[in-house]
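Derivation of every value follows stated rules applied to the coordinates shown; laboratory data play no part. None of these values were measured; they are calculated from a predicted model. With ideal geometry, Cβ positions are generated from the backbone for all residues, glycine too; neighbour counts draw on all protein chains shown.
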Amino acid sequence: MKKVQQNLAGTSMKPNSRTRKLAFKAITILLPFAVLALIEISLRIVHYGNNLDLFIEAPGKSGYLVLNPDAAKRYFVNQAFVPTGNSELFRKIKDKSTLRIFVLGESTTIGYPYFHNGSFHRWLLYRLMHEFPDRQFEIINLSLTAVNSYTVSGFAKELVKFEPDAVLIYSGHNEYYGTLGVGSTSKVGSNPHVIKFLLQLRQLRIVQGLTALLGFTRSSSGLAKEYSGQTLMQRMVADQKIPYGSPLFEKGIDQFISNMDQTLDLFDRNHIPVFVSNLVSNEDDLKPFVSILPVKDTLARFNYYYELGVNAFNHDSLDEATRYLKSANKIYGGHALCNYYLGKLTYRQGSYIEAKEYFTKAKDLDGLRFRAPTQINNAIIKLCGKYKYAHLVDTKAAFDSSSTNQIIGNGLMLEHVHPNLMGFAIISNAFYESLRREHIISGSKDNDVTFQKLLMNMPINAVDSLIGIDRIKKLKQSWPFNETNSKDSIKMQTEEERMANSIVNEYRKWPSAMNELYDYYVSRNEWIKAKTLMESLVLEHPTEAYFYDKAANISGKLGNYEDAAFYFRRGFYISPTFEYARMLFVIYLKLDKPIDAMPYLNYAIQNNTSNLNFLPVRKYAGQIIDLQKEIAIDSLNLPVLNLIASTYMMMGNREGASKYVEKILKADPKNKNALILFEQLRKG
């Protein structure tokens with residue numbers, strides 16, 4: 001019995017061979033993952049690699065978030081190409097009075113070549129701020145240069161939780177040559193699902209390390225020299241000939257549709273309104289970069305008629321050129337430049353609809369795909385119709401209607417896809433009208449900022465305009481434009497030109513140049529220029545009370561009390577102080593707006609840091625408010641008008657008193673009380 005028990009015990013203690021094999025296999029499979037996990041944890045402990053979250057805490061600004069300058073690194077194979085984007089702050093905890101809008105897109109969307117207040121979202125911010133002075137607006141532009149719909153889709157996933165009231169998208173020109181594009185040097189395949197999986201892996205520090213090692217290997221092996229002397233535009237292009245309708249062409253369209261469909265579906269499921277603009281490009285004034293030739297069987301015949309047609313065109317033999325080029329186009333209709341010349345010819349002949357068709361076809365046939373083909377705009381229309389919360393912004397129609405004979409050219413475009421300042425203003429207006437149409441914003445009767453008023457008042461910085469001109473000049477001198485005009489675009493005759501030149505040549509950073517330029521204007525008492533500059537800096541730093549304060553004080557110096565009140569009020573929201581409140585109620589009383597003055601008067605009384613007694617002022621202001629109610633019934637009630645004028649005089653408000661004295665004397669030139677007050681005002 002004892003022996004049997006020992007045998008049983010021995011059997012139970014001996015490991016089962018099958019279990020042991022399974023355990024060994026599990027360890028063999030899991031061990032590499034455990035090692036990788038250990039390496040990943042170790043790399044994070046020593047802070048290796050980059051945090052690729054979309055937003056980070058704003059440095060030096062507690063309670064605010066900002067676009068992570070490293071956020072784009074996951075999208076670029078070559079880290080030397082990575083753009084950083086704007087630094088636009090927004091509150092971590094959203095204020096109830098705030099309308100928060102995120103902007104997604106590419107170089108046009110970020111405002112290239114002007115950046116700063118040239119971009120359409122700054123035009124929109126200026127307009128909304130002035131039209132709705134009591135609302136707060138956060139318009140955060142997350143656009144980057146050299147990216148495409150992969151970045152739009154990736155950023156969209158992360159911004160949903162930050163409570164956007166709307167999202168604006170202008171994207172689609174970079175589907176072929178933007179990072180991860182099907183024709184780009186920075187691609188990692190062509191299957192969207194595989195690419196998105198790889199993008200997720202780039203969050204891992206191990207993958208970041210391997211990417212850095214690959215970059216070092218390329219640099220050490222001399223492969224980096226292939227980009228020497230090239231612009232980013234040229235470096236991003238792998239396939240310079242992508243024929244219309246080819247498999248690679250279709251992959252670019254499919255890539256855009258896949259990414260945008262996923263993006264719009266995400267916003268739709270979260271009930272977030274998204275406004276997607278169709279795209280514009282230069283049609284009339286930009287020759288196609290690359291024309292795909294026909295097959296050998298038809299090449300000789302096509303070339304014969306094409307060359308005769310071009311020669312006739314160059315010699316202004318329009319009828320002959322038309323005949324030859326149409327013959328060439330009939331033999332082979334896929335030559336971009338042939339269609340472009342036909343567009344030019346029919347335009348000269350006054351057939352503008354036919355010319356537009358030729359120009360559009362020439363753009364679509366261009367083998368170097370820097371301009372989005374028509375299929376991209378068609379896809380945008382279809383996708384917007386698919387989702388309840390997606391809205392089409394018809395920028396294309398707005399550009400057409402603002403262009404000579406409905407054909408977009410150099411009147412609104414700087415080169416192939418980037419608008420000039422008027423073009424950016426039109427884009428902003430297209431988004432503005434769409435936001436109003438969908439009731440994201442409502443009409444403002446009191447402070448309506450029309451498009452014409454926006455064009456007149458927008459604080460465009462002269463330095464930014466000059467820098468933009470210089471950037472475009474240099475771009476056009478490089479591939480694929482290769483223009484030979486060597487004239488200097490910055491003449492160095494004015495202080496603005498000198499500052500622009502110093503920024504372009506990296507002698508100064510943009511912020512320090514703006515400070516120096518402001519001091520220059522002040523030293524010369526050029527207050528209008530100083531005001532424009534400071535207003536532009538308000539848009540650059542909308543969370544900083546300092547710039548509102550400066551803009552308000554300059555406005556007051558110029559006698560523009562409406563603008564002074566506007567900027568002090570915006571500053572008060574950010575940093576409510578007794579001094580802001582005092583300035584505001586004084587200005588509103590000067591402007592004969594006692595109702596607007598009263599909240600700030602009350603704040604000043606409650607937070608009085610001076611020895612002044614404001615209670616009599618509040619008493620008089622209350623009396624004027626009551627008297628104005630009577631004036632609203634009878635605007636020519638002279639006794640009441642006299643009472644208001646006298647009360648303003650007792651307050652020491654000469655501006656308010658003058659307004660009513662003038663009104664009384666206009667109705668009754670011999671009014672005794674008004675004449676006495678007039679004499680007191682005249683004597684000062």
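Can you show me the helix-derived [θ] at 222 nm for the chain, built from DSSP H runs with n ≥ 4 at -39,500 (n - 2.57) apiece and divided by the number of residues, rounded to the nearest 500.
-18500 deg cm²/dmol
Calculate the dipole size of the stretch 525-683 relative to its Cα centre from +1 charges on Lys and Arg beta carbons and -1 charges on Asp and Glu beta carbons; express the result in debye to the nearest 20.
Rounded to the nearest 20 debye, it is 480 debye.
Could you compute the FRET efficiency for Arg269 and Lys94, with r as their C-beta to C-beta distance and R0 at 22 Å, rounded to 0.05?
That gives a FRET efficiency of 0.60.
Charges on Cβ only, +1 for Lys and Arg, -1 for Asp and Glu, centred on the Cα centroid of the stretch 296-365; of Gly334, Leu308, Tyr352, which one is farthest towards the dipole's positive end?
Going by the Cα projections, it comes out as Gly334.
Suppose R0 equals 35 Å; then what is the FRET efficiency for Ser512 and Phe451 from their Cβ-Cβ distance, rounded to the nearest 0.05?
0.55
Peptides 285-294, 50-59, 258-267: what's the order by average Cβ count within 10 Å, highest mean first?
258-267, 285-294, 50-59
Of all DSSP beta bridges located in the chain, what percent are antiparallel, nearest 5?
Here the share of antiparallel DSSP bridges comes out near 30 percent.
Please report, for the Cα atoms of the stretch 63-202, the Rg to one decimal and the Dmax as a whole number; what are they, in angstrom?
15.7, 50
Quick check on the stretch 525-683: what does the Kirkwood estimate of hydrodynamic radius come out to from the alpha carbon pairs, in Å?
16.9
What order do you get for His391, His541, His315 when you list them from fewest to most C-beta neighbours inside 10 Å?
His315, His541, His391
What do you get for the angle between helix 318-331 and the principal long axis of the chain? Use alpha-carbon atoms, 0 to 90 degrees, nearest ten.
For 318-331 against the chain, the angle is about 40 degrees.
Computed over the Cα atoms of the stretch 296-365, what is the convex hull's projected area averaged over all directions, in nm²?
Mean orientational projected area (the stretch 296-365, Cα hull): 4.1 nm².
Give, in whole angstrom and from largest to smallest, the semi-axes √(5λ) of the equivalent ellipsoid of the stretch 498-556, with λ running over the eigenvalues of the Cα gyration tensor.
Listed largest to smallest, the semi-axes of the stretch 498-556 are 21, 15, 7 Å.
Amide H to amide H, which residues 5 or more places from Arg508 or on other chains are under 5 Å from it, using H placed in the peptide plane?
Under 5 Å from the amide H of Arg508: Ile503.
Does anyone have the angle between helix 654-667 and the longest principal axis of the chain? Alpha-carbon axes, 0 to 90°, nearest 10?
So the inclination is approximately 60 degrees.
Taking the Cα centre of the chain as origin, sum charge times position over the Cβ atoms of Lys and Arg (+1) and Asp and Glu (-1), and report the length of that vector in debye to the nearest 20.
So the magnitude is around 2560 debye.
Do any trypsin sites (Lys or Arg not before Pro) in the stretch 383-438 lie in a DSSP loop with no more than 11 other beta carbon atoms within 10 Å, and if so, which?
Here the sparse-neighbourhood loop sites are Lys388.
Hey, what does the equivalent ellipsoid look like for the stretch 566-606, semi-axes from the Cα gyration tensor as sqrt of 5 times each eigenvalue, largest first, whole Å?
Computed over the stretch 566-606, the values are 15, 12, 7 Å.
Check Leu168: other-chain or 5+ apart residues with amide H under 5 Å from its amide H, H built from backbone geometry?
HN-HN under 5 Å from Leu168: Phe102, Val103, Leu104, Phe275.
Spin-label point model (7 Å from Cα, Cβ direction): what's the Asp53 to Gln203 distance in nm?
1.2
Evaluate the distance, in nm, between pseudo-label points positioned 7 Å from the Cα of Met422 and of Asp134 along their respective Cα→Cβ axes.
So the label points at Met422 and Asp134 sit 3.8 nm apart.
Treating only the Cβ of Lys, Arg, Asp and Glu as charged (+1, +1, -1, -1), what charge dipole size does the stretch 268-415 show about its Cα centre? Round to the nearest 20 debye.
540
Give Lys619/Lys672; Lys361/Lys491; Lys453/Lys473; Lys94/Lys509; Lys296/Lys476 a once-over and call out the pairs whose C-alpha atoms are over 28 Å from each other.
Lys361/Lys491; Lys453/Lys473; Lys94/Lys509; Lys296/Lys476
For the pair Ile595/Asn525, report the inter-label distance in nm, with labels modelled 7 Å from Cα in the Cβ direction.
So the label points at Ile595 and Asn525 sit 4.0 nm apart.
Sorted from largest down, what three extents in whole angstroms do the Cα atoms of the stretch 352-435 have along their principal axes?
Ordered largest first, the stretch 352-435 gives principal extents of 35, 27, 24 Å.
Using alpha carbons only, how many degrees (0 to 90, rounded to 10) separate the axis of helix 296-314 from the longest principal axis of the chain?
30
For the chain, report the % of Cα-Cα distances exceeding 35 Å.
The share of Cα pairs beyond 35 Å in the chain comes to 56 percent.
Identify, among Leu558, Leu299, Asn282, the residue whose Cα sits farthest towards the positive end of the charge dipole of the chain, taking +1 on the Cβ of Lys and Arg and -1 on the Cβ of Asp and Glu, with the dipole about the Cα centre.
Leu299
Could you work out how far the C-alpha centroid of the stretch 409-472 sits from that of the stretch 317-354, in angstrom?
34
Arrange Met456, Met422, Met499, Met651 by Cβ neighbour counts within 10 Å, fewest through most, would you?
In increasing order of surrounding Cβ atoms, one gets Met456, Met422, Met651, Met499.
Label 7 Å along Cα→Cβ of Lys557; the stretch 513-532 residues with amide nitrogen under 13 Å?
Backbone N within reach: 518-532.
Could you tell me the extents of the stretch 226-265's C-alpha atoms along the three principal axes, largest first, rounded to whole Å?
In descending order, the Cα extents are 42, 23, 11 Å.
Got a sec? Charge dipole of the chain, +1 on Cβ for Lys and Arg, -1 for Asp and Glu; which of Tyr660, Pro599, Leu142 is way out at the positive end?
Leu142
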